[in-house]
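Asker: One structure, as structure tokens, below. Some questions next.
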Amino acid sequence: MIKHLVSMGVTLAGGLVLAACSPQTSLPVVPTVTAAAAASQAEPGSLRAAAEACGLVIGAAVRTDPILNDSQYQAVVSSEFSSITTENALKFRTLSAQPGEYNFQDADTIVNFAREHGMRVHGHTLVWHKSLPDWLTAESFTPDELVLLLERHIGTVVGRYRGQVSTWDVVNEAIDSEGKLRESIWRQALGDDYIAQAFRLAHDADPAAQLFYTDYDMEFAGVKSDAIYELVRSLVEAGVPINGVGFQLHLRLDHLPDMDVMQANMQRLTALGLQVQITEMDVRVQDVNGTPAEKLSRQAAVYGDMMRVCLQTSGCSAVNTWGFTDAYTWIPDYTGKPDMPLLFDTAYTPKPAYTALQAQLAACHNQN
Ligand code: XIL
């Protein structure tokens, strides 16, 4: 019934018309990148080649501007990584400036780049309480209208990139620090079942895509990581099409997780038959004292530890960083202070953190 209404075009409060999507740009449908195709593009000695030899996807979030305009950025990301995550290009706010309109230009740029370089695309994110368009938060829609909007959003976006975006962050950050379901317009409209609904809608739009729940602070013990475990356990039990859980891992040197806890939190999820991934790793160094070299060395140890735990956890399928060069990172804007949280410096020179990942991946080769 709802699908029928959407395809017919339905007028909502504020004059919003829900119509079948008419994208502003078109994209040819191509087969999903296979591991073999991706492997053929990996340069010997690169992180990408080392990860592929360990059966691991190694990814980084990217921005549209440097993907278009910075040749060094393009060269490094395509030679060092087998996957790219859309940092902002697939957020609802980026896609839809006006009610009923979608602009896929930024997302197409990234998806096309990935295809040209034999890389996977990790789509971020379909359902989140943040990065919503102003028109959506400013208007007060009825629950029925919000159901239609969610249906249309997931169907349009996942459907457009069917076969091209292989993994999706379907629901992001739904649990708060007290372990409770966070308030959001989606929860108000659909009730607690909005999470299951989102996964079903994404699965309908692309049955082959791998669907993830993602959140932060899951590396720690406590009510939040326990609540996330219970949430995904109940989804699995109910037969909801969820394939995995993403640990964001926006870490800071003055507040690091215990690695045994991290591993246990991953393992209880893989015991449910789910994959786990590291989806947004960065390690900020601004909050500790020490020389830059000392900070970078401590940072490298954290990257190495996380890679080791992933490699030791059967079912940990990818390590993705949130950016890859300190030239483009969200941390200074977010914290108001300079930082150097990623694997390459601002001149694209590999940092000790990069070497630490390579060392862990080399150890995996030796074990095989
Ligand atoms: C951040 C982007 O990196 C910034 O460019 C943007 O201004 C705000 O969002 N967790 C998430 C990501 O799931 O979507 C956030 O990305 C970082 C925290």
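Asker: Is there a residue in segment 223-237 that is within 16 Å of the ligand (Cβ to nearest atom), in contact with a Phe, Trp or Tyr (Cβ under 7 Å, 6 or more places away or on another chain) and not small (G, A, S)?
Answerer: no
Asker: So, R160, is that one among the basic types (K, R) and either more than 20 Å from Q248 (Cβ to Cβ) or surrounded by fewer than 15 Cβ atoms within 10 Å (Cβ to Cβ) (or both) or not?
Answerer: Taking the combined requirement at face value, the residue satisfies it.
Asker: Now a separate question. Can you find even one residue in segment 88-101 that is within 17 Å of the chain's Cα centre (by Cα) and among the β-branched types (V, I, T)?
Answerer: Scanning segment 88-101, I find at least one residue that is within 17 Å of the chain's Cα centre (by Cα) and among the β-branched types (V, I, T), so the answer is yes.
Asker: Next question, about the same structure. May I ask you to verify whether G323 is in a loop (DSSP other than H, G, I, E, B) and surrounded by 22 or more Cβ atoms within 10 Å (Cβ to Cβ)?
Answerer: yes
Yes/no per residue for (1) surrounded by 15 or more Cβ atoms within 10 Å (Cβ to Cβ); (2) in a loop (DSSP other than H, G, I, E, B); (3) out of contact with any Lys or Arg (no Cβ under 9 Å at 6 or more places or on another chain); (4) at pLDDT below 95:
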residue	(1), (2), (3), (4)
L27	yes, yes, no, yes
A38	yes, no, no, yes
A50	yes, no, yes, no
T109	yes, no, yes, no
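Asker: Checking the structure you have, find out if any residue of segment 70-90 is modelled with pLDDT of 50 or more, surrounded by 12 or more Cβ atoms within 10 Å (Cβ to Cβ), within 16 Å of the ligand (Cβ to nearest atom) and assigned to a helix (DSSP H, G or I).
Answerer: Checked against the condition, which is being modelled with pLDDT of 50 or more, surrounded by 12 or more Cβ atoms within 10 Å (Cβ to Cβ), within 16 Å of the ligand (Cβ to nearest atom) and assigned to a helix (DSSP H, G or I), segment 70-90 yields at least one hit.
Asker: Collect the residues in segment 91-106 that are part of a helix (DSSP H, G or I) and either within 14 Å of the ligand (Cβ to nearest atom) or surrounded by 17 or more Cβ atoms within 10 Å (Cβ to Cβ) (or both), keeping them in residue-number order.
Answerer: Of everything in segment 91-106, those that are part of a helix (DSSP H, G or I) and either within 14 Å of the ligand (Cβ to nearest atom) or surrounded by 17 or more Cβ atoms within 10 Å (Cβ to Cβ) (or both) turn out to be F92, R93, T94, L95, D106.
Asker: Surrounded by 20 or more Cβ atoms within 10 Å (Cβ to Cβ), within 19 Å of the chain's Cα centre (by Cα), under 20 Å from D206 (Cβ atoms) and more than 14 Å from the ligand (Cβ to nearest atom): is that true of V127 in this structure?
Answerer: Judged against the criteria, V127 is not a match.
Asker: Moving on. Looking at segment 154-182 only, could you name the residues that are within 16 Å of the ligand (Cβ to nearest atom) and closer than 13 Å to A107 by Cβ?
Answerer: Correct list: V157, V165, W168.
The values are calculated or read from the model by the stated rules, or taken from the named source; none is laboratory data. None of the values given here were measured: they were computed from a predicted structure. Reconstructed Cβ throughout: ideal geometry from the backbone, glycine too, with neighbour counts over all protein chains shown.
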